[in-house]
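The values are calculated or read from the model by the stated rules, or taken from the named source; none is laboratory data. Remember, it's a predicted structure, so these values are computed and weren't measured experimentally. Reconstructed Cβ throughout: ideal geometry from the backbone, glycine too, with neighbour counts over all protein chains shown.
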């Protein structure tokens, strides 16, 4: 009956699926402002959990080097400053040169002047790429 009335008013046939889709769209439009704060809090807490998980991976010497390397990269890309101590430790102590190299890069991304001493020490690393990326990170910290 309502569809017949709408057909006469609008001048074309309205199918039930159009009506349902319109109703769902309207419902989403109404409730979206109330969902935003909850989803933002969820996103923030999920991001924090993810970064803490990456910290744990970076510090766990029993994990594969590729996992520790990726964790160091993600921490630097996210500019997660609480990772500073773990990255300093990885730069100086990790047995794998790829992890040390990524730690040097991530410290440069964090752009903290207090990382200069550790990066200077890394200039004496046995691996050429660790030394190269430590120098790049030092340069980026000193120029900003």
For residue 79, all conditions in the list (1) within 22 Å of the chain's Cα centre (by Cα); (2) assigned to a helix (DSSP H, G or I); (3) modelled with pLDDT under 95 hold save one; what is the number of the exception? (2)
In region 114-135, how many residues are touching a helix residue (DSSP H, G or I) at 6+ places or on another chain (Cβ under 6 Å) and farther than 17 Å from residue 74 by Cα? 10
Name every residue in region 44-72 that is outside any loop (DSSP other than H, G, I, E, B) and out of contact with any helix residue (DSSP H, G or I) (no Cβ under 7 Å at 6 or more places or on another chain), in order of residue number. 44, 45, 46, 47, 48, 49, 50, 52, 53, 56, 66, 70
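Conditions (1) within 30 Å of residue 136 (Cβ to Cβ); (2) modelled with pLDDT of 95 or more; (3) in contact with a helix residue (DSSP H, G or I) (Cβ under 7 Å, 6 or more places away or on another chain), marked per residue:
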position	(1), (2), (3)
1	no, no, no
6	no, no, no
9	no, no, no
21	no, no, no
40	no, no, no
74	yes, no, yes
104	yes, yes, yes
Exposed (fewer than 14 other Cβ atoms within 10 Å of the Cβ) and within 18 Å of residue 60 (Cα to Cα): is that true of residue 93 in this structure? yes
May I ask you to list the residues in region 106-133 that are surrounded by fewer than 19 Cβ atoms within 10 Å (Cβ to Cβ) and over 23 Å from residue 82 (Cβ atoms)? 123, 124, 126, 127, 128, 129, 131, 132
